[in-house]
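Peer 1: Structure incoming, see below.
The values are calculated or read from the model by the stated rules, or taken from the named source; none is laboratory data. Quantities reported herein were computed from a predicted structural model and do not represent experimental measurements. In this analysis, Cβ positions are derived from the backbone assuming ideal geometry, glycine residues included, and neighbour counts consider all displayed protein chains. Keep in mind that these areas ignore ligands, DNA and RNA; they rest on the heavy atoms of the full protein, side chains included. Shrake-Rupley method; radii C 1.70, N 1.55, O 1.52, S 1.80 Å.
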Amino acid sequence: KRIEEFSRLADYAEKVNRLVCLKGIKTHTAMSLVVETGDFQRFPSAPQYAAFLGLIPGEHSSSDSCHRLPITKAGNSHLRRLLVEAANSYSRARVGRKSNDLKQRQQGNPPEVIAYADKASDRLRRKYMRISTRSKANIAKTAVARELACFVWGMMNNKLS
């Protein structure tokens with residue numbers, strides 16, 4: 001209840017209302033992203049924000065060989081865990097379908113924010129389905145969480161195109 005109250009304060013209300021338009025992100029996750037990240041503009045690009053969260057793959061390279069490793073897990077473990085849980089919602093939805101709860105959360109937001117959130121939802125759902133057919137489900141969820149972090153960065157920096 002206290003998190004809900006804080007989310008209505010002037011400092012957080014607009015940012016939280018934008019973030020809850022994304023599938024899998026509700027008030028608690030949105031508030032955590034806003035509060036723990038602070039200023040989203042300190043990250044020059046979306047991949048750097050994903051790196052801040054530790055959602056990028058590690059790499060071991062020497063000479064001409066390059067070996068990909070699991071995610072680095074460097075950075076904010078709480079936000080990383082929340083985004084992976086949010087990414088889990090893309091494993092249970094159909095492309096193009098919105099729940100009534102999501103429609104209600106999107107009310108009152110500008111049309112370009114809703115269009116951006118819908119584009120993110122469709123793309124992440126397709127990404128999950130494409131990766132999960134050839135890899136384990138947890139790998140697909142982590143990949144979707146990384147891209148979801150990039151969409152969050154874009155939404156917070158008004159890169160809605």
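Peer 1: Within segment 74-110, track down each residue that is open to solvent by 20 Å² or more (accessible area, probe 1.4 Å), closer than 18 Å to Met156 by Cβ and either among the basic types (Lys, Arg) or assigned to a helix (DSSP H, G or I) (or both).
Peer 2: Within segment 74-110, His78, Arg80, Leu82, Arg105 meet the criteria.
Peer 1: I've got another one for you. So which residues in segment 29-71 are surrounded by 13 or more Cβ atoms within 10 Å (Cβ to Cβ), of a type outside the set (A, V, I, L, M, F, W, C) and in contact with an Asp or Glu (Cβ under 9 Å, 6 or more places away or on another chain), if there are any at all?
Peer 2: Thr29
Peer 1: Using the structure shown, decide if Glu59 is touching a residue at least 40 places away in the same chain (Cβ under 8 Å) and among the acidic types (Asp, Glu).
Peer 2: Values: touching a residue at least 40 places away in the same chain (Cβ under 8 Å): no; among the acidic types (Asp, Glu): yes.
No: the conditions fail for Glu59.
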